[in-house]
Amino acid sequence: MRCSFQWINPVFTSIEPAIPLLNTLSSTQSISLHATDFQNSKIISQVDRKFIFITLPLPNGTLTAMIDQHAADERYRLETIIQNLQTTAIKIQPPIEISFPSEKNIQVLKERKSKLQQWGIELAILGDLVRISSIPGILEDIDATRWKTILLQYVTEDGLDCPSGMMNIFCSKACRSVHPS
């Protein structure tokens, strides 16, 4: 999975000692890193109990970065949710039944059915009726109206693997599960 970090101008409000030459490190460039890039990272300091100041050896030099601890924790929680989707799938009794308004939507849903299975959703398509029989456990509180919205939005999106409505819920749950320190 890839993470994106945005460099920002550093602002420190803590009583931690100043880090030499910190002002020369700011940039407005974005950079993408893989989880493996962090394997050989070195933690320099914690800043204001909110950020981790690290160095990462990269093929073309060393990157010095500040990581928002809370954002990193949310990302970890989101990845954990996603990794556990199929193992936490639950059967719904009775199944959720949704009528779809158009043949085009039904056709797209048929084409993307296997992608939905990868996300822990089992469904059957019977004419214009969609019957959802299994969902990820983390989404058990979603009602039929919300599922219809998620699936209708999914069939109109350009080839996304995961329905954006589901991903929004996953992100929200990852964020809400963070405990204040």
What does the charge count around Leu160 come to, taking other residues whose C-beta lies under 12 Å from its C-beta (Lys +1, Arg +1, Asp -1, Glu -1)? -1
Can you tell me the order of 41-47, 134-140 when each peptide is scored by its average per-residue count of other Cβ atoms within 10 angstrom, highest first? 134-140, 41-47
Binned at 5 Å from zero, the C-alpha pair distances of region 39-166 give percents of 2, 9, 16, 17, 13, 8, 7, 9, 8, 6, 4, 1, 0
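Since every read-out is calculated from the coordinates, none of them should be taken as a lab result. Everything quoted here is computed from the prediction, not taken from an experiment. Cβ atoms come from the backbone with ideal geometry, glycine included; neighbour counts cover every protein chain shown.
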